[in-house]
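Chemist: Before I ask anything, let me first share the structure, which is written out below as structure tokens.
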């Protein structure tokens, strides 16, 4: 085989682990490049004082959810097949992070008019089913997601104790098979923040469905 064709074929195999099986019309994962966010590694996260409604019925902001060692903000939802494949790991990583001094917020910025499965009632059921020990909140205008530059579900932002971004990207390198994960990006980043070590890889590509943004001015 031509060396160049062999390289392309090999790269295709390497990326296949990130691509789930067909999930039905309108729900196929969107692997398009991420939009560049308005803040970068080392910069403070925006909208940290905006309060969002939690499935517990209370309102909470990113700054209020912050832990003594940092804060993990994960944009996710209920309907996305990629979010579903990673949701167990997100729950486990988030719950463990909470026990280690990292505050955690799961944020749903999707307009439920696009997918009824992303409604508040469904969010409450999903948080209970997965055993979230952290708030699952509604970004009712999608403005928090826009300010972060988030475009996919799931997409993670890890902040240090000062509220500055230290990791941005995906959960790990294999959505479909947890046992086949070779690079646990988010878990490793959380461990580094907790132990005071450098982040192994500060930025990765978040793979998932596109966020179904609320229209400007809607709520």
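Chemist: Quick one: in the stretch 186-210, of everything that is outside any loop (DSSP other than H, G, I, E, B) and under 12 Å from the mean Cα position of the chain (by Cα), which residue is nearest to residue 74 (Cα to Cα)?
Modeler: 186
Chemist: How many of the residues making up the stretch 59-97 are more than 16 Å from residue 163 (Cα to Cα) and in a helix (DSSP H, G or I)?
Modeler: Matching residues across the stretch 59-97 total 16.
Chemist: Is it the case that some residue within the stretch 31-46 is under 16 Å from residue 163 (Cα atoms), modelled with pLDDT of 95 or more, surrounded by 15 or more Cβ atoms within 10 Å (Cβ to Cβ) and out of contact with any strand residue (DSSP E or B) (no Cβ under 8 Å at 6 or more places or on another chain)?
Modeler: Yes: one or more hits.
Chemist: Say we look at the stretch 164-180 and pick out the residues that are surrounded by fewer than 17 Cβ atoms within 10 Å (Cβ to Cβ) and out of contact with any helix residue (DSSP H, G or I) (no Cβ under 7 Å at 6 or more places or on another chain); which of these is nearest to residue 96 (Cα to Cα)?
Modeler: It comes out as 179.
Chemist: Looking at the stretch 141-153, is at least one residue within 12 Å of the chain's Cα centre (by Cα), closer than 17 Å to residue 78 by Cα, modelled with pLDDT of 95 or more and part of a helix (DSSP H, G or I)?
Modeler: yes
Chemist: Can you confirm whether the stretch 187-198 contains a residue that is closer than 21 Å to residue 81 by Cβ and in contact with a helix residue (DSSP H, G or I) (Cβ under 9 Å, 6 or more places away or on another chain)?
Modeler: The answer is no, given that none of the residues of the stretch 187-198 is closer than 21 Å to residue 81 by Cβ and in contact with a helix residue (DSSP H, G or I) (Cβ under 9 Å, 6 or more places away or on another chain).
The values are calculated or read from the model by the stated rules, or taken from the named source; none is laboratory data. Because the structure is predicted, anything quoted here is derived from the model rather than measured. Here Cβ is always computed from backbone atoms with ideal geometry, including for glycine, and neighbour counts include all displayed protein chains.
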